[in-house]
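The values are calculated or read from the model by the stated rules, or taken from the named source; none is laboratory data. Computed from a predicted model, the values in this text were never measured in an experiment. Please note: Cβ atoms are built from the backbone with ideal geometry, for glycine as well, and neighbour counts cover all protein chains shown. With ligands, DNA and RNA removed, areas are computed over all heavy atoms of the protein, side chains included. Shrake-Rupley method; radii C 1.70, N 1.55, O 1.52, S 1.80 Å.
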Amino acid sequence: MRPGLFNLPRREPRRLFVTRTRTRSLAPEAGNTERGLHEFQTRIAFAGAFVFACFFVLFLRFAYLQIVQHEYYGTKAEDNRISVVPITPNRGNIVDRNGQVLARNYSAYTLEISPGKVRNLDAAVDELAQIIEIRPSDKQRFRRLVFEEKGADSLPIRTRLTEEEVARFAANRYRFPGVEIKARLFRQYPLGELASHVLGYIGRISERDMKTIEADEESAANYKGTDHIGKTGLEQAYERELHGTTGSEHVEVDAAGRGVRSLSRTPPTAGNNLVLNLDIGLQGAVEQAFGNRRGALVAIEPSTGGVLAFVSKPGFDPNLFVDGIDPVNWDSLNNSPDRPLNNRALNGVYPPGSTFKPFMALAALELGKRTPTQTISDPGFFDFGGRRFRDDKVGGHGAVDMYKSIVVSCDTYYYVLGNDMGIDNIANFMR
């Protein structure tokens, strides 16, 4: 081996080439690192600015709510803490001329559900039925009320609860949010069907009733908290006088909306009692005399014009309508051939009959068609237009003057008189 073979001159340039190659490959890596660091810092700056801007907006909103809107939201918070509860007044009683009570009130407990606070009404009702007796008719009436009175605060599912039922629910109240027991006044007609068409009845306020009430601002304020209104008869005609003035109570409530304590109270004013000229003893005697027959009778005291008896037969029991009449009783009344809901004394159309005769006699005197002593011969009939109109007495009443015509109620006398007077004179005088 010759000296110098291991120290060839080409090795040194190769070593230099390798070194230069390494130096050139590190320069791009350093540039990428600096660029990435710059981009990261830029992102952090933008994110910090965005977070700062968000906090600044929140601060401005917070300042707006706490300073500018402080009074408004303070009032709203106070309203949430304090609930104004309307106090329904006692409805006035209805009595006859002798003080006999025909319509009155009594207090009882009612189980009520607020549909807006209960998620599943059917499930809640089924669960309640395990504690308090709820009949199928109660469920059916409740469903009808939910459908008819949308938006109502609370609706009754059971009325007139016993003390035992109230105690059972009180022990399980925590299980039923949106369900409460309330003391309510109920209308009662102690004599049942007697004088039903005179008194009429009250019923739950319908959408039509509510539109009428809301049309008057004074009535709208006075009927807050009221569930019933007069529907027919005197209950409807004297609704304003019987209803009274609604009171109010400011109650502090908890987060669940339950009352904690009373802060102030404005008592309601009870409705006025209604005293009638009606004599319920006479009314009862007349209705008993009618029996099962249909008809009407109005007895008026001549000296005063007061109505002593006002009968329309057959009648109905107004107590059925107070809580909402059930379908069975409604079908029975509405589809009866006797039409017991029809007020025959007011709405019935009847021929005037013999009550018309004194007015005809007065017309004859005024128009000079007859004198009190002038007579006719009554054969017991009157022929007119090819038809024979008979009197109530076969053979007639003989010679009849004006006085006798009224005493015996002679039809033939007034057939002849009507023919002599003519339709125009009769119509003009009667008008």
Report summary line: When restricted to Ala183, Ala167, Ala171, Ala215, the only residue closer than 23 Å to Thr269 by Cα, free of Cβ contacts under 8 Å to residues at least 60 places away in the same chain, among the small types (Gly, Ala, Ser) and loosely packed, with under 13 Cβ neighbours inside 10 Å is Ala215
Report task. Kindly check whether there is at least one residue in the range 376-388 that is more than 51 Å from the chain's Cα centre (by Cα) and within 30 Å of Glu287 (Cα to Cα). Result -> no
Report summary line: Counting only residues that are of a type in the set (A, V, I, L, M, F, W, C), touching a residue at least 40 places away in the same chain (Cβ under 8 Å) and loosely packed, with under 15 Cβ neighbours inside 10 Å, the range 259-275 contains a total of 2
Query raised in the report: For Glu71, are the conditions met, namely being in a helix (DSSP H, G or I), of a type in the set (Asp, Glu), farther than 30 Å from Gly233 by Cβ and open to solvent by less than 100 Å² (accessible area, probe 1.4 Å)?
Result: no
Report task. Give the range 262-317 a look and list any residue that's part of a helix (DSSP H, G or I) and of a type outside the set (A, V, I, L, M), or say none. Result -> Gly281, Gln283, Gly284, Glu287, Gln288, Phe290
Report summary line: Considering residues that are loosely packed, with under 14 Cβ neighbours inside 10 Å, of a type outside the set (Phe, Trp, Tyr) and over 12 Å from Leu111 (Cα atoms), the number found within the range 147-162 is 4
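Conditions tested, residue by residue: (1) assigned to a strand (DSSP E or B); (2) touching an Asp or Glu at 6+ places or on another chain (Cβ under 9 Å).
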position: Phe46; (1), (2): no, no
position: Phe59; (1), (2): no, no
position: Val84; (1), (2): yes, yes
position: Ser107; (1), (2): yes, no
position: Glu127; (1), (2): no, no
position: Ile132; (1), (2): no, yes
Report task. Using the structure shown, decide if Leu278 is open to solvent by 40 Å² or more (accessible area, probe 1.4 Å), over 25 Å from the mean Cα position of the chain (by Cα) and touching a residue at least 24 places away in the same chain (Cβ under 8 Å). Result -> no
